[in-house]
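Undergrad: My questions all concern the structure below.
Here, each number is a calculation from the coordinates, and none is a lab measurement. Nothing here was measured: the structure is a model prediction, and the numbers come from that model. Cβ placement follows ideal geometry from the backbone for every residue including glycine, while neighbour counts extend to all protein chains displayed.
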Amino acid sequence: MLLIYQTQSRAGILGVVTALGITVLLMILRKSRRAFYIASLIVPLLGAAAIGGLWEGSSMFRTRMQPVVKFFESHLQENAVAEEFKDFRPQTWLDTIDMIKQRPVFGFGPGNYGQVFPEYRHRFKGVRIDTVHAHNKYLELTSEYGLTGAVLILFALISLCVKMIHLILTSPRTYHALPAAALLGAIAGSAVHGFFDFEMRIFPNAMMLALLAGCAVAPLLQFQREKSRDGEEF
């Protein structure tokens, strides 16, 4: 958390708050559904209070977040983001959407975003800024793999989340439930972070998430082996 704050990553800070909130909610869900319903109201308020505290108490966070606030204000009030808002992220997103429209089903192929995007870079005119990534992993993924790849990845994530929640609720061992909750929290934090960045394209981030996923999923494989062995003995 300290390293993310020192890097002044707006999306990273929002991701951390989301990850911690989801992890806490899932562990509360394991203990009591009634407590979970109450916490579902309290935890988001605490998260919003944390963001508000950073806004009021940290000039760095306020300075970094002001372009985002300005973007949404421009979009809601003037509805002219493409022409008047000059921050490179939303401009790049709009150009990437045009890129996706050219090949919406299968995309341009894995890893080809940086090579293809310059042809569609029309709104953002910043010099000395290479748009190798879309700074939005959803748009970048869809541009490379198309809607077909996006749906497959979404299906895999939903399947994983369902299995992890079932493990959290049913596992007799807390040390099996905690990594599962941590994994879902990390995925949620990454989902927020990835809306503004390309953190999963950075190898150490992907490696750590994969390691956490392995630790969380291992008990499921163990249970499957035990059931299979019991069935053979039966």
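Undergrad: Identify the residue in the range 148-167 that is farther than 15 Å from residue 216 by Cα and small (Gly, Ala, Ser) and, among all such residues, is surrounded by the fewest Cβ atoms within 10 Å (Cβ to Cβ).
TA: 156
Undergrad: Moving on. Being more than 21 Å from the chain's Cα centre (by Cα) and without any contact (Cβ under 8 Å) to a residue 40 or more places away in the chain: is that true of residue 48 here? Steps first, answer last, please.
TA: Details: more than 21 Å from the chain's Cα centre (by Cα): no; without any contact (Cβ under 8 Å) to a residue 40 or more places away in the chain: yes.
For residue 48, the condition - more than 21 Å from the chain's Cα centre (by Cα) and without any contact (Cβ under 8 Å) to a residue 40 or more places away in the chain - is not met.
Undergrad: Separate question: Return yes or no: is residue 226 among the acidic types (Asp, Glu), over 30 Å from residue 117 (Cα atoms) and assigned to a helix (DSSP H, G or I)? Spell out the reasoning first.
TA: Values: among the acidic types (Asp, Glu): yes; over 30 Å from residue 117 (Cα atoms): yes; assigned to a helix (DSSP H, G or I): yes.
Answer is yes for this residue.
Undergrad: A further question on this structure: When you look at residue 165, is it β-branched (Val, Ile, Thr) and either in contact with a strand residue (DSSP E or B) (Cβ under 9 Å, 6 or more places away or on another chain) or in contact (Cβ under 8 Å) with a residue 60 or more places away in the chain (or both), yes or no?
TA: Numbers: β-branched (Val, Ile, Thr): yes; either in contact with a strand residue (DSSP E or B) (Cβ under 9 Å, 6 or more places away or on another chain) or in contact (Cβ under 8 Å) with a residue 60 or more places away in the chain (or both): yes.
Yes: the conditions hold for residue 165.
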